[in-house]
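A quick write-up on the structure given underneath.
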Amino acid sequence: MPEAQPLTVRQLHQQLQQILSADIHSCDAKAAVEPLATLPRSLQEYVLNWISRLSSTNIQIGFQFACKAAELVVRQDLHIIDTWLWHTLDIYDLSGIEAALEVIHNVDSFLHYSQEHSAGVVLEEEQGVLQHFLQGLSGRRMKLAEGEQPYTDSETLYLPPIVAMLPSTSENFKLVKAMAAFQWAQNRFGSFRQPLLEQLQLQDDDAFLPLYQAIDNLRLELCLQQELPGLFRDLQALRQAMGEKELPTKWQAIRLQLQDNPFDAEQVMTLTREHLGSLQGYKPRSYEPSLRYDEVVMRQNERIEKEQARLKVALDALQQELAPDTAAQTAVAGEPPFQADKVPDSTQPEGFRIELSLNGTPVAMPELVKNLISSVMMDLDELPPDYLVPAATSDYDPRLLYDEKSTTDGAATSHEEGTFFYKEWDHQRQHYRKNWCAVRELVVKPRHDDFVRSTKQKYAPLIQQLNKTFEAMRDEDKLLKKQPEGEDIDIDALVEALADHHAGQEMGERLFTRMHHSERNIAVCFMVDMSGSTQGWINEAEREALILLCEALEHVGDRYAIYGFSGQTRKHCEIYRIKAFDERYSDEVRSRISGIEPKDYTRMGFAIRHLSSLLSEIDAHNRILITLSDGKPDDSDNYRGEYGIEDTRKALIECRQDGIHPYCITIDKSAHDYLPHMYGAVSYTVLDDISLLPYKVSDIYKRLTS
Amino acid sequence: MSARVLKPEENYITAEPYYQPVGNEIKIFEAAYKQNLPVLLKGPTGCGKTRFMEHMAWRLKLPLITVSCHDDLTASDLVGRFLVQGGETVWVDGPLASAVRNGAICYLDEVVEARKDTTVVIHPLADDRRVLPMEKLGQLLEAPESFCLSMSYNPGYQSVLKDLKQSTRQRFVALEFDYPASALEVAIVQRESGVDEALASRLVKFAGMTRNLKGNGLDEGASTRLLVHAGKLIASGIEPVTACRSAITQALTDEPEMLSAVNELASSIF
């Protein structure tokens, strides 16, 4: 089929005016569309689509992109442009319009790592693989993050968000991997040892640092050659593909000097002093990181203090475990009970490994101690004797000993204690907003009143009936008869078989009894709507239903949890704990059910994401998330209508991907309009009459799980 | 060529199985055996527990009866049951009973996999009574001097459901196994697979990398056994990176990101 005619300037202008409404001056818009008119129709559609997606977030961003678009789409792979625009939107969400516009204006620097029309690698997509790769390589756990230039602060490796310097994806991936490995090597092979950094800080010649770095990079390459020959071959191939020249002769001589023992980082300092002023640096390789020594020093200082404290406390725990009686003595004597020895080991790059002994006997190091020691060795190149003196937890500030509870991957918008951040799906953008909802987990304030008793009284006959049905669902051992194999002989079957045999028939083979142990192994989480609209009857019906359900569930023995949810704007998303999985159905829980109150709005996506993450931690064959709700998703910000429905739908899709079955029970009569879209045709029930809720919930539960 | 058919109690090991001691485990096992104490071998999969048992069976010149435990293993699977033959019921010893009767070594492999009510039947055998009650026969079977009970257990599976009962584990002398120190592991890989030292030490280094990933996406790192498998493939002419992929990476995980990360590690190291 031939491609449709390109849109004319006039048509484009009209469409743009529609998308951008009156906010952009007509003349400006016209200037922007002129170059677009030269594009083929498919690219025009692509650009218009993006302008409308961007404008749904911010008109300015949409307009600025419109101005750059024509030039970009002919030069770049569309996948790369997509990523760049998503990145822009993330920046907008995180730091506002100024920062986002800057990203658009600096398109050139962003595309520095790109070649025309190449199939690039997007860091976000490869992050999982690279993270595992680094974890496999090293002892100290390295984080990965996006940075405009590759460098490391000795704890995080920064890599460009997109790399597209080479024609194929596999080559570009090799380049990213090489960048990551090189930064790992800086850490692992001693580029950041504290004594070296101290000497570097004393240098006042501006030429010193670049030269030092160039020599050190050369050394690291030699380290990689010995340690990871496969990766080294990749480096060579990359240099060739990038058209990077061989080293100048002078540098080749230096390389020879380093070759004997590249793992000795000290010699770089000597060599730099020797050649300062007489040697020009070579053009850095594409995979070589830039250096930010001040950041390294800052991280290192924090880390050294932390790790010293942690190691001493960990050794204390180890001593208490292995030799509790000597612990008290050494504390008095002051003689370190632990000793660390360097034992020759040819499989290690340094040629030795550290072995720990306690009062002269070698001990196996727990993982934590091993990691701490290797990290300390990376910083200091030795274990100062003081590090081996055990110390009690109480000697230190807890902030030194424990990391703050990490929230989510990547940057968070705030560091409030106990706040979780969840993404949210923006259907207009067709992309997630990262760390969008700030979720706090609160406990429902218990109300000690007559509610539970009166409910139990009101529904006494129903409760009795439910107890019976639910009891019948319990796990139990069943004695199966007439089995082909089993522990015991089934006498009835044997008599029958013998009779058959006497009658001249073939003797049956199913002669045994076998004990069959059936296991339900179900975990279920109830997600209860606590929005303001549940005020009155609905709230009461919800609470009654929960009481009945708990009574019934106690009989069947399934693991269950109950959480309420409500919220007002993305910054105040609240999950109310009523019963956690490992909590007993106690008076406290009962009075919390009684205390469920209507709160704010019905923002659903975050609640589904949070509760699915709780459910995923439970080891069960079947995991079910049941929502009790009275209406469609809604919040006071833009979570109304399609946005809320689409986000909830996306959250439910994620939930299914995690192996959780979502189900919804609602009393909203118009639910048929949107629930099939969100939950699928068979995963919901609409109740016509709220008073039926207590009767129905247990019934539905039974049907769902048996 | 046809397969050799053996009764379990005739399973004497005649040729010395290669076993490279890491510490004094052989001495401890022998001492425990002399004192009629049962032994528990703890350690991750593929670190040599089963090979150690074969080696000990060879040393002690006893038949080795191995039971691989699974979650459907019942007490009668161990002790024995009645079968019907030609209209008559006939008692057939289970592997545990036949080990006791013949004074052999009974080795319960991966004992946590068995149901808890099953492990209880070994209790009277595992303390100083040394008897096996056979309820269905109404008999007590007393173990001869040479009978030896041992079992293995991988504490790595950190599931609450799969833990040994205290009453079981406190009857055993425990031997802890782990992957051997790297120099030793290199020697083992070399000897078992026939690759040269340089390649063996690359394989061991690769194993170390996968062990770094334990608990961060992998349940277990590459075991010594997997290294030997990879080594054998390499020795028969398979390219090292390919051999690692088939023999190690694919055995460790099915998760696509982890697979490619481990493959990247392999291709970096060779």
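For every residue, the table says whether it meets (1) within 26 Å of B:LYS165 (Cβ to Cβ); (2) without any contact (Cβ under 8 Å) to a residue 40 or more places away in the chain; (3) of a type outside the set (Asp, Glu); (4) away from chain A (no Cβ under 13 Å).
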| site | (1), (2), (3), (4) |
| --- | --- |
| B:ALA57 | no, no, yes, yes |
| B:LEU60 | no, no, yes, yes |
| B:ASP93 | yes, yes, no, yes |
| B:LEU96 | yes, yes, yes, yes |
| B:VAL111 | yes, no, yes, yes |
| B:THR118 | yes, no, yes, no |
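Are any residues in the range A:50-76 outside any helix (DSSP H, G or I) and within 21 Å of A:TYR643 (Cα to Cα), and if so, which ones?
Once the filter is applied, which keeps residues that are outside any helix (DSSP H, G or I) and within 21 Å of A:TYR643 (Cα to Cα), the range A:50-76 yields only A:ASN58.
Inside the range A:686-702, can you point out the residues that are polar (S, T, N, Q) and open to solvent by 30 Å² or more (accessible area, probe 1.4 Å)?
Once the filter is applied, which keeps residues that are polar (S, T, N, Q) and open to solvent by 30 Å² or more (accessible area, probe 1.4 Å), the range A:686-702 yields only A:SER691.
Identify, from the list A:GLY504, A:GLY486, the residue that is part of a loop (DSSP other than H, G, I, E, B) and open to solvent by less than 40 Å² (accessible area, probe 1.4 Å).
A:GLY486
Determine which single condition B:PRO180 fails, assuming it passes every other condition in (1) of a type outside the set (Asp, Glu); (2) assigned to a helix (DSSP H, G or I); (3) within 14 Å of chain A (Cβ to nearest Cβ).
Exception for B:PRO180: condition (2).
Yes or no: the range B:209-218 includes at least one residue that is outside any helix (DSSP H, G or I) and more than 9 Å from chain A (Cβ to nearest Cβ).
no
Could you please find all residues in the range A:545-575 being farther than 30 Å from A:ARG433 by Cα and open to solvent by 10 Å² or more (accessible area, probe 1.4 Å)?
A:GLU551, A:GLU554, A:HIS555, A:GLY557, A:ASP558, A:ARG559
Out of curiosity, is B:THR168 within 14 Å of chain A (Cβ to nearest Cβ) and not basic (Lys, Arg)?
Judged against the criteria, B:THR168 is not a match.
Whether any residue in the range B:70-79 is under 20 Å from B:LEU175 (Cβ atoms) and surrounded by 16 or more Cβ atoms within 10 Å (Cβ to Cβ) is what I want to check.
The answer is no; no qualifying residue exists.
Working carefully through the options B:VAL186, B:VAL131, B:VAL120, find the one that is of a type outside the set (Phe, Trp, Tyr) and buried (at least 21 other Cβ atoms within 10 Å of the Cβ).
Answer to the selection: B:VAL186.
Any residue that is more than 14 Å from chain B (Cβ to nearest Cβ) and either open to solvent by 20 Å² or more (accessible area, probe 1.4 Å) or modelled with pLDDT of 85 or more (or both) - is there at least one of those in the range A:119-140?
Yes - at least one qualifying residue is present in the range A:119-140.
Quick check on my filter: what residues within the range A:654-685 are of a type in the set (A, V, I, L, M, F, W, C) and surrounded by 14 or more Cβ atoms within 10 Å (Cβ to Cβ)?
A:CYS655, A:ILE660, A:CYS664, A:ILE665, A:ILE667, A:ALA671, A:LEU675, A:MET678
Of the residues A:ARG440, A:ARG520, A:ARG474, A:ARG514, only one is more than 43 Å from the chain's Cα centre (by Cα) and open to solvent by 30 Å² or more (accessible area, probe 1.4 Å); which?
Selected residue: A:ARG514, the only one of A:ARG440, A:ARG520, A:ARG474, A:ARG514 that is more than 43 Å from the chain's Cα centre (by Cα) and open to solvent by 30 Å² or more (accessible area, probe 1.4 Å).
So A:ARG193 ticks every box in (1) modelled with pLDDT of 90 or more; (2) open to solvent by less than 60 Å² (accessible area, probe 1.4 Å); (3) basic (Lys, Arg) but one. Which box is left unticked?
(1)
Consider the range A:356-385. How many of its residues are among the charged types (D, E, K, R) and open to solvent by 70 Å² or more (accessible area, probe 1.4 Å)?
3
From A:LEU235, A:LEU222, which residue is within 14 Å of chain B (Cβ to nearest Cβ) and open to solvent by less than 10 Å² (accessible area, probe 1.4 Å)?
That would be A:LEU235, the only listed residue that is within 14 Å of chain B (Cβ to nearest Cβ) and open to solvent by less than 10 Å² (accessible area, probe 1.4 Å).
When the residues of the range B:144-165 are narrowed to those that are within 14 Å of chain A (Cβ to nearest Cβ) and open to solvent by 50 Å² or more (accessible area, probe 1.4 Å), which ends up modelled with the highest pLDDT?
Step by step, filter the range B:144-165, then rank; the result is B:PRO155.
B:GLY215 - would you say it is surrounded by fewer than 21 Cβ atoms within 10 Å (Cβ to Cβ) and under 22 Å from A:ARG140 (Cα atoms)?
yes
For the range B:62-85, enumerate the residues that are farther than 19 Å from B:PRO155 by Cβ and more than 14 Å from every other protein chain (Cβ to nearest Cβ).
B:LEU62, B:PRO63, B:LEU64, B:ILE65, B:THR66, B:VAL67
Can you pull out the residues in the range B:248-270 that are open to solvent by less than 10 Å² (accessible area, probe 1.4 Å) and among the hydrophobic types (A, V, I, L, M, F, W, C)?
Residues satisfying the conditions are B:ILE248, B:MET258, B:ALA261, B:VAL262, B:LEU265, B:ALA266, B:ILE269.
More than 16 Å from the chain's Cα centre (by Cα) and surrounded by fewer than 17 Cβ atoms within 10 Å (Cβ to Cβ), is that true of B:ALA15?
Criteria met by B:ALA15.
Which of the following residues is of a type outside the set (S, T, N, Q), under 35 Å from the mean Cα position of the chain (by Cα) and either open to solvent by less than 40 Å² (accessible area, probe 1.4 Å) or under 17 Å from A:PHE189 (Cα atoms) (or both): A:LEU271, A:LEU258, A:LEU279, A:LEU291?
A:LEU291
Output the residues belonging to the range B:226-250 that are under 14 Å from B:ARG211 (Cβ atoms) and more than 14 Å from every other protein chain (Cβ to nearest Cβ).
Answer for the range B:226-250, where residues must be under 14 Å from B:ARG211 (Cβ atoms) and more than 14 Å from every other protein chain (Cβ to nearest Cβ): just B:LEU226.
Residue by residue through the range A:162-195, note down the ones that are under 19 Å from B:SER260 (Cα atoms), among the aliphatic types (A, V, I, L, M) and either touching a strand residue (DSSP E or B) at 6+ places or on another chain (Cβ under 8 Å) or part of a strand (DSSP E or B) (or both).
A:VAL163, A:LEU175, A:VAL176, A:MET179, A:ALA180
Okay, residues lined up against (1) closer than 23 Å to B:SER146 by Cα; (2) of a type in the set (Phe, Trp, Tyr); (3) modelled with pLDDT of 90 or more; (4) part of a helix (DSSP H, G or I):
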residue	(1), (2), (3), (4)
B:GLU54	yes, no, yes, yes
B:ALA57	yes, no, yes, yes
B:ASP72	no, no, no, no
B:LEU108	yes, no, yes, no
B:PRO133	yes, no, yes, no
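Of all residues in the range A:523-539, which are surrounded by 14 or more Cβ atoms within 10 Å (Cβ to Cβ), hydrophobic (A, V, I, L, M, F, W, C) and either within 14 Å of chain B (Cβ to nearest Cβ) or assigned to a helix (DSSP H, G or I) (or both)?
If the condition is that a residue be surrounded by 14 or more Cβ atoms within 10 Å (Cβ to Cβ), hydrophobic (A, V, I, L, M, F, W, C) and either within 14 Å of chain B (Cβ to nearest Cβ) or assigned to a helix (DSSP H, G or I) (or both), then A:ALA523, A:ILE538 are the ones that fit.
Test A:LYS174 against the stated conditions and say whether it is open to solvent by 50 Å² or more (accessible area, probe 1.4 Å) and either more than 29 Å from the chain's Cα centre (by Cα) or free of Cβ contacts under 8 Å to residues at least 60 places away in the same chain (or both).
No: the conditions fail for A:LYS174.
Is it the case, given these coordinates, that A:LEU157 is farther than 22 Å from A:PHE232 by Cα, at pLDDT 85 or above and away from chain B (no Cβ under 14 Å)?
No: the conditions fail for A:LEU157.
The values are calculated or read from the model by the stated rules, or taken from the named source; none is laboratory data. This one's a predicted model, so the numbers in the text were calculated from it and none came from an experiment. As a convention, Cβ positions derive from the backbone with ideal geometry for all residues, glycine included, and neighbour counts pool all protein chains shown. SASA here: full protein model, heavy atoms, side chains in, ligands and nucleic acids out. Shrake-Rupley method; radii C 1.70, N 1.55, O 1.52, S 1.80 Å.
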